[in-house]
Amino acid sequence: MVGVPGKYRGCETCRGRRVKCGNERPFCKRCVDSSRPCTYERETVFIVASIEDGGRCSSHPPRKTGKKAKSKSPSVRPPQEELQLVAEEPLAPAWDDVITVSDPGRGRRYNLQIAALWTPMHSIVRGDEEKEEGGGTPLGFAPYQIPEMRPSMGDEDFQMKAKALVHISKPAAGGEGDDQGMQVDGFFLLLFEHNTSLPFSLPPPWKDPNPIRQLGPSAFRTFPSHHFFVRVYRPQAIFTALLTRKPTFLSEPPWTTSPFELHPKSPLDLLLDALLPIPALLQRADHIINTQPPTLARRLMAQDLLQNCLTAESHLDAWLATVGSTYWLQPPSPGGGGGGHMPFPETYAFPSGPVALAFLALWTAQLVFFPCVERLHWTVFEPVVDGLFPPPMIMLGDPSARYGRKATADAAERVCRGLDYALERTVMPDMLGVPLGVVRQFWGMVEAEGHGEGRLEGMWCEGFRGRLEAKGGR
């Protein structure tokens, strides 16, 4: 409803009595005859009408004017009917790069290629829809940039902004198949941005700091929210928790079960489940090793934490035993030699892109986790100032043989050997940013020791970083 200003002819006294007023000034005749006070305080009233009437009612009838020339203002496009896409059964793991969905309203089926890309939300520019054939909306993005790692986020929690886009280029599925025996009819693109060392606008303090947690795990059971949670939010949050050594709410049991009630888990999902306890163990280890004095209580706490770390490592070993060593050596690809300074004679190949991402995540976690286990082992055997040195209950032999420099260097080499294959197969290049950043940091530390090692590996990492940025910018 809208209102237009109007004017009431008559005094306020007659108006309140609902009688006709002669509108004489300064006092009307009716008020004088009835010995009533005559007031003219209210000069205007508010007449209410609807938008359909153009703000006019009975006191303001429509104007009778001739037909005006049509204005040259741009025509408003009718809103397009919203797609209601539902994943087709049998439901597959979210890490499958192609998903079959149906639109019940149109009675059509589509095979959509799933992709995800890190991009600043403020850099997305929407083009003119009328200039785009087929009714689509052209989008423009800023040049691709690998999100940088943050060793510490202070008191900030992991936060993410995301946008889902669907582009369908063909009316229905069918016809000739691709390499996977399935024709692709369109794309399902997930654009996201999370807080890194790059500028990120945090929400105001009065807003909920974690809308994902506020929604609850049951909100991510079906397409497309399930695929966003599994392919984008969950791995990025877990990797960030490993790097910042801060636990995440995703380790709570409802978050590992409820989102997967309909879609089954893939080997990568099972590995991420095994990685969830590690950030809390890293945080406890930093507190015990760096802040506690060398007392008997510290030794007992370190011994208990070391046992927990060995349990977490056994879960990783159990996952590896279930999946098996499903990778093999192959000659370096022509484009993956890093300009002739490839320090590794052979690279790894995997059955698929998701399997490659799973092994890269495993080796990256070992690269972060093994030094912590080694330091805890030495802390258990460190002399204390308030007691004797009894033999510890945990006997591991020499920790350097399993968790020392050679073990971490082997894990870093495995990551480098597998990155090229993953880059060629993945539709989510941002998943390789954390493994690359961890091995770059490791080889930089090796080179800083001054033993003549790590330089070639660091040069290879710089070359791969360029190839990764080129892949993300396509």
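The values are calculated or read from the model by the stated rules, or taken from the named source; none is laboratory data. Keep in mind that this is a model prediction, so the values were computed, not measured. Glycine also receives a Cβ, built like all others from the backbone with ideal geometry; neighbour counts cover every protein chain displayed.
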Kindly provide the set of residues from region 210-228 that are within 14 Å of residue 162 (Cβ to Cβ) and either buried (at least 20 other Cβ atoms within 10 Å of the Cβ) or touching a residue at least 12 places away in the same chain (Cβ under 8 Å) (or both), ordered by number.
210, 212, 220, 224, 226, 227, 228
Mind checking which pairs have a first residue in region 80-92 that is part of a loop (DSSP other than H, G, I, E, B) and a second that is modelled with pLDDT under 90 and among the β-branched types (Val, Ile, Thr), Cβ under 9 Å, 6 or more apart or different chains?
83/166; 83/168; 85/166
Could you list all residues from region 1-19 that are at pLDDT 80 or above and within 16 Å of residue 40 (Cβ to Cβ)?
11, 12, 13, 14, 15, 16, 17, 19
Can you give me the number of residues within region 251-289 that are hydroxyl-bearing (Ser, Thr, Tyr), buried (at least 20 other Cβ atoms within 10 Å of the Cβ) and not in a loop (DSSP other than H, G, I, E, B)?
0
Of (1) at pLDDT 85 or above; (2) more than 26 Å from the chain's Cα centre (by Cα), residue 360 satisfies all except one. Which?
(2)
Where residue 161 falls short, out of the listed (1) at pLDDT 90 or above; (2) of a type in the set (Lys, Arg); (3) under 15 Å from residue 430 (Cβ atoms):
(1)
Quick check, is residue 200 at pLDDT below 80 and either in a loop (DSSP other than H, G, I, E, B) or not assigned by TED's automatic domain parsing to the domain that holds residue 323 (or both)?
yes
Can you tell me which condition residue 472 does not meet? The list is (1) closer than 19 Å to residue 346 by Cβ; (2) in contact (Cβ under 8 Å) with a residue 40 or more places away in the chain, and all the others hold.
(1)
Region 396-419: number of residues that are at pLDDT below 90 and either closer than 18 Å to residue 359 by Cα or surrounded by fewer than 19 Cβ atoms within 10 Å (Cβ to Cβ) (or both)
6
Number of the exception - residue 294 against (1) surrounded by 15 or more Cβ atoms within 10 Å (Cβ to Cβ); (2) in contact with an Asp or Glu (Cβ under 6 Å, 6 or more places away or on another chain):
(1)
Filter region 422-474 for residues that are of a type in the set (Val, Ile, Thr) and within 19 Å of the chain's Cα centre (by Cα); the one that is surrounded by the fewest Cβ atoms within 10 Å (Cβ to Cβ) is 427
Residues that are assigned to a helix (DSSP H, G or I), hydroxyl-bearing (Ser, Thr, Tyr) and within 28 Å of residue 415 (Cβ to Cβ), drawn from region 290-331
311, 314, 322
